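First up is the structure itself, then whatever we jot down about it.
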Amino acid sequence: MGVLRSRHVSDKELSLFIDHRLNSRDRQRVEAHLQECASCRRAYEDMQATVLFLQQMPRVAAPRAFTLTEADVQSVRKPSRSRPVWLRWAAAVVAVTFLFVIGLDLFLATSPHEFDQALLHTPAETRAIITKEVAKVVQVTPAPSQESAKALLREESAPASATVESAPPAQALSSSSIRGPVKVTPEKAPVGDSAAAPSPPLVDWLKWVEVGLAGLLLVILLLYIFWP
Amino acid sequence: MSSPRMQEDQHIIRLAKSGDIAAFNQLVLRYQNQAYNVAYRLLGDPDGAADATQEAFIKAYQRLHQLRGEHFRPWLLRIVTNTCYDILRRRARRATQPLDAMEDEDPERLPRWQSDEETPEEVALRHEIGRAVEEGLLELSPEHRAVVVLSDIEGLSYEEISQVLNIPVGTVKSRLSRARARLRDYLRSHYPELLPAAYRQ
């Protein structure tokens, strides 16, 4: 009937006590309490018996060998069977780039197209104003590198390209877009029927990038599906 | 801290990773008994345990490339316990009772149950204790069962259990104490005559 009874021992403390995982201070406290508290002592003894029963549980023998056969491995294939990380990244990067390029293309392609439509239905005065605006847009779009400009020219008549070959890139661009060997400065170029060039070379170039990316996407998709 | 056995494992694992099935089968033979015992105690029936063990070794072979630096045994036992959790979930969904395998238990499968020095009464008592504990284990949640099986039947340390179950050591301590307390309380209410407190009344 002690008036000052120490705190009861929790199941967690009993469990750690059984496993010798209490620090010395806690262990001494548990030992002292078990001396004076019958209910905690019963809880401890029963838990200790339970652990002993578990430890004495018989081991069962494996009913057979679980070794893998060649047949198991045939269906399983090599250990590293899952799709490699690079393929997942490639698929993600190509898909995102493809969407970005399509978006860029739509953005660039809409303006000339709208101007084309407008030109068909407007009187001559306004047409002149619009063509000037178009010319500005054409100039603003970045010029292709000298090599690609030359390549464009080479597709045209041989003598023409021979005369322009040495011209600076800006002139090469304008002459190629008006489809002739006429040498004009960019400021004068817009006036005339060729001013509203159907699509700037950048858009053409983008189309090829799109086709390439679409092909790449298809290849990656097939790889993804039929990965061994 | 790595024993010669673990170093040997590392060597075999390197061979197995290159697709050497014979090397992998050395690991199977080395750990199949422990894997089967864990599965048997978690599922409570021999057929389910055999299926789980086979499934776990196939998964281990498939995922061998994911094993980096970790020791093989806790890694394998994690696959075994997770496979058993899956099986238990499937069973719970189908709401079928686990096979009553303990009833027709073959005494020859339990060699340690019997020894020449034991009287028939002692043998009977051991049998009763074994049955009671098996029953009580199946009353625990799979998580509590796993921690008590790994600790008290398989003899793993808190640190190893923490690796197998992928939980902090602190969680191992509290989960183990709760599992032991529940099992104790189950035995108290169903088999009070087996526990020492019964003799003290």
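The values are calculated or read from the model by the stated rules, or taken from the named source; none is laboratory data. None of the values given here were measured: they were computed from a predicted structure. Note that each Cβ is placed from the backbone with ideal geometry, even for glycine, and that neighbours are counted across all protein chains shown. SASA here: full protein model, heavy atoms, side chains in, ligands and nucleic acids out. Shrake-Rupley method; radii C 1.70, N 1.55, O 1.52, S 1.80 Å.
Okay, here's what the table says:
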{"quantity": "Length released on extending from B:LEU15 to B:ARG63, taking residue separation times 0.36 nm less the Cα-Cα span", "calculated": "15.8 nm"}
{"quantity": "Chain B - percent relative contact order, Cα under 8 Å, separation 6 or more", "calculated": "19 percent"}
{"quantity": "Surface accessible to a 1.4 Å probe, B:TYR61 within the full protein complex, Å²", "calculated": "0 Å²"}
{"quantity": "Normalised alpha carbon radius of gyration of the stretch A:11-50 [divisor 2.2 N^0.38 Å]", "calculated": "1.05"}
{"quantity": "FRET efficiency estimate (nearest 0.05) - Cβ-Cβ, A:ARG64 to B:SER141, R0 41 angstrom", "calculated": "0.85"}
{"quantity": "Separation in nanometres of the label points that stand 7 Å from Cα toward Cβ, at B:ARG91 and A:ASP204", "calculated": "7.3 nm"}
{"quantity": "q = 0.17 Å⁻¹: log10 I(q)/I(0) that the Debye formula gives for chain B, counting C-alpha atoms only", "calculated": "-1.23"}
{"quantity": "Mean Cβ count within 10 Å, highest first, over the residues of peptides A:7-13, B:146-152", "calculated": "B:146-152, A:7-13"}
{"quantity": "Label-point separation in nm, B:ARG5 to B:ASP51, each point 7 Å along Cα→Cβ", "calculated": "3.1 nm"}
{"quantity": "Cα-Cα P(r), the stretch A:1-69, percent of pairs per 5 Å interval", "calculated": "3, 14, 21, 17, 11, 8, 6, 6, 5, 4, 3, 1, 1, 0, 0"}
{"quantity": "Cα-based helix-to-principal-axis angle, B:21-43 vs chain B, degrees rounded to 10", "calculated": "30 degrees"}
{"quantity": "Euclidean distance between Cα centres, the stretch B:28-96 to the stretch A:7-46, Å", "calculated": "35 Å"}
{"quantity": "In degrees, nearest ten, helix B:4-17 long axis to first principal axis of chain B (Cα)", "calculated": "60 degrees"}
